[in-house]
Each structure stands twice: as structure tokens, then as C-alpha cells.
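Read-outs throughout are calculated quantities, based only on the coordinates presented, and are distinct from any laboratory measurement. Only a predicted model underlies this, so the values are computations on that prediction, with no experimental measurement involved. All Cβ positions, even for glycine, are placed from backbone atoms using ideal geometry, and neighbour counts span all protein chains on display.
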């Protein structure tokens, strides 16, 4: 069995230190040359004038629909109240007919509400997605023009210098390009 001499140990230590020091040089030179920006993409999208305009229209449509739903709900509640009031005086076949009509109306109403909720959810996603796709192009252009190595989503970073936050710049650039 061969044993290490002090001289061979010294060579290994020097090699290790050399690799460590020279291995870090490319990393530090990359860090010195790179620029990293950060964007809160959700904030950038919802801060745009286009998103606010689209969302205001969306809210108006939603409010109108809510009024229609409330009116239908009140009609169904009135049907139930009338049915309960007349319960003891109605003939069995007429009572069954009114109960069936009430059930059908209630099921149709529940389906309608569910369909409207899905439709509004889909519409909201489409509005946001449309603006998000345009925002991504704006962010890429900012990155190229300002020579950023990369731009990251702010939510995936634990810490960053606020001077590298490009959210407001992205929103203003978006608004200028999409009047």
C-alpha cells in the first residue's frame, strides 16, 4: 500500500485551491457582465389601461347578469312560497303538476347560473391571457433593448434589488404601444 507523502499532499491541496480559484473566474465574469431584471407579471398586466378598460366592461356585463339571476331566483322563491301556501288546499294531481314545474324551473335556473359562472370565468381568463401574451412580447423587447441577460418573474425570486424591478416600465411601455 502506498502512503501519501507531505509533498504529494501539498500538490493535491495546491491543485484543489487552483481549481477552486480558476473555476470561479468564469462565474464572476458572467455575474459582472450579466443584467437580471424582475417583473411582477400579474401586477404589470392588471395595471395596463387596456386590462382596466376590458375589466370594467366585464364587470358591467357581470352586474347586468347578476340582476337577471337575482330576478329569476326571486321568481323561483315566490313559486316555492306559493306552493307551500297552497299545499293543503290543492288537489293531489294539481299539486304534483306545480311541484314538477317548480323542480324543472329550479334545475334550469341552477344550470343557467353554473353556465353563466363558467362563461364569465372563461371570459375573464381570455381577457387576461390576451393581454399577457402582448405583455410578454413587450418584456422581451425591453430585455433586448436594455441588454438584460434575463428577466425573471418576481414571485419566484426570494430577494432582488428593487432597482431591477421592471414592472412599471413594462406597464408604461405596454400602454404606449397598445392605445
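If you scan segment 81-112, which residues turn out to be in a helix (DSSP H, G or I), without any contact (Cβ under 8 Å) to a residue 24 or more places away in the chain and either surrounded by 14 or more Cβ atoms within 10 Å (Cβ to Cβ) or within 32 Å of the chain's Cα centre (by Cα) (or both)? Spell out how you get there, then give the answer.
Step one: list which residues in segment 81-112 are in a helix (DSSP H, G or I), which gives 81-86, 92-112.
Now restrict to residues that are without any contact (Cβ under 8 Å) to a residue 24 or more places away in the chain: 81-86, 92-101, 103-104, 107-108, 110-111.
Correct list: 83, 95, 98, 99, 108, 110, 111.
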Task: Subset of segment 114-136 [over 20 Å from residue 62 (Cα atoms), surrounded by 12 or more Cβ atoms within 10 Å (Cβ to Cβ) and out of contact with any helix residue (DSSP H, G or I) (no Cβ under 6 Å at 6 or more places or on another chain)] - done: 134, 136
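For residues in segment 141-170 being assigned to a helix (DSSP H, G or I) and touching a strand residue (DSSP E or B) at 6+ places or on another chain (Cβ under 8 Å), which is surrounded by the most Cβ atoms within 10 Å (Cβ to Cβ)? If you could, list the steps in order and put the result at the bottom.
First, the residues of segment 141-170 that are assigned to a helix (DSSP H, G or I): 141-145, 154-156, 162-164, 167-170.
Applying the additional criterion that residues be touching a strand residue (DSSP E or B) at 6+ places or on another chain (Cβ under 8 Å) yields 142-143, 154, 164, 167, 170.
Values: 142: 18, 143: 17, 154: 19, 164: 16, 167: 19, 170: 26.
Out of the qualifying residues, it is 170.
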